[in-house]
Number of protein chains: 2
Amino acid sequence: MTPKPSLVFGSDHAGFELKELLKAKVEEWGYSVKDCGASSTDAVDYSDYIVPVVKEVLKGAVGILVCGSGIGMSIGANRFKGIHAALCCDAFMAKMSRTHNDANILVLGERLIKTDEAVACLETFLNTPFENGRHTCRLEKLDHLTLS
Amino acid sequence: MTPKPSLVFGSDHAGFELKELLKAKVEEWGYSVKDCGASSTDAVDYSDYIVPVVKEVLKGAVGILVCGSGIGMSIGANRFKGIHAALCCDAFMAKMSRTHNDANILVLGERLIKTDEAVACLETFLNTPFENGRHTCRLEKLDHLTLS
């Protein structure tokens, strides 16, 4: 059995409740967890919660980011080389994000997804290996894209 | 009436058929269209179709990227400052991506979305203005995120 990765969570106010629920779930599943906030449903900027999670993921953790729609989090996290942040609406997307994209951050939108589906996404995300093969070269290209 | 923006499309093989269908639709709607490929369902790397679309979007066009799941395209496009690429699974997400995230690239997964829903996403995306207000500062922060 491969050892369980460390998990790092981040959210804004609109993703706070789903973050708390998922954190409790993965603790039940035996993962070690770091929480980078937010710490309540008081309004904050999602943009402020991205970098702390990205830093841990670049050191080897698996990230989970939650905001209202997941869109802002996925834009910001993917600014960084080495990050493959996947906004997922169901477990099938979560599976694809691992098999084809070697995603290292699962992004969820609390306003868009039911709790059971969010848990299914996370479970699938954590238990699906990357397929390698033809996908590896495509992913490597993502960190070498330039406008020149 | 605001003038219609130019639209720029890109896809890989897995997004080719949906790209063609959406292109025909927006031509009916009176938009001018640039197509950066792919040009068939022969296997290609999605990573190669991102930069041509990003370049046009940074000059003011609105982008549409399609691959199998949309995940690879959204990772790659969001590598670039000024790009807000939103992977959308339904018209509500497309609306949120415009009102809250000022998204300038709509990303769709051909394997994940029914044709009618994809058309509804695109129509909503093209016709929903950005809300400004509290969202502006959050978006500006996305282009200034650093690891240091």
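All of the numbers you see were taken from the coordinates with simple rules; none came from a lab. Predicted model, so just to flag it, every value in this text is computed and none were measured. Please note: Cβ atoms are built from the backbone with ideal geometry, for glycine as well, and neighbour counts cover all protein chains shown.
Think of each Lys and Arg Cβ as +1 and each Asp and Glu Cβ as -1; about the Cα centre, that makes the dipole of chain A roughly 580 debye.
Run through the other copies and list how far each one's label point is from that of residue B:82, in nm with one decimal, shortest first; the point sits 7 Å from Cα along Cα-Cβ. List, nearest first: 2.7 nm. Counts of other chain beta carbons within 10 angstrom of each beta carbon in peptide B:82-92 average 4. Mean sequence separation of contacting Cα pairs (under 8 Å, at least six apart), scaled by the length of chain A, corresponds to a relative contact order of 22 percent. In this assembly of identical copies, the label point of residue A:132 (Cα plus 7 Å along Cα-to-Cβ) is separated from its counterparts by 5.3 nm, sorted shortest first. Among B:9, A:16, the order by Cβ neighbours within 10 angstrom, fewest to most, reads A:16, B:9. Counted by Cβ distance under 13 Å from residue A:135, the other residues give a net charge of -1, where Lys and Arg count +1 and Asp and Glu count -1.
For the pair residue B:127 and residue B:25, label points projected 7 Å from Cα toward Cβ lie 1.2 nm apart.
Calculate log10 I(q)/I(0) of chain B for q = 0.11, 0.16, 0.17 Å⁻¹, where I(q) comes from the Debye formula with a single equal point scatterer on each Cα and nothing for solvent. The calculated log intensity ratios at q = 0.11, 0.16, 0.17 Å⁻¹ are -0.37, -0.79, -0.89. Neighbour counts of other Cβ atoms within 10 Å put B:108, B:142 in the fewest-to-most order B:142, B:108. Take residue B:33, push a point 7 Å out from Cα through the beta-carbon direction, and compare it with the same point in every other copy: 4.7 nm, smallest first.
In the Gaussian network model of chain B, springs joining C-alpha atoms below 10 Å, which of B:116, B:90, B:45 carries the largest mean-square fluctuation? It is B:116. Taking label points 7 Å from Cα along the Cα-to-Cβ direction, residue B:140 and residue A:134 give a separation of 4.5 nm. Calculated on the alpha-carbon coordinates, the convex hull of the protein assembly as shown measures out at 121 cubic angstrom per residue. Using only Cα atoms, locate the centre of region B:81-148 and the centre of region B:8-63, then give the distance between them in Å, rounded to an integer. Rounded to whole Å, the Cα centres lie 16 Å apart. Residue order for A:110, B:28, fewest other beta carbons within 10 angstrom first, comes to B:28, A:110.
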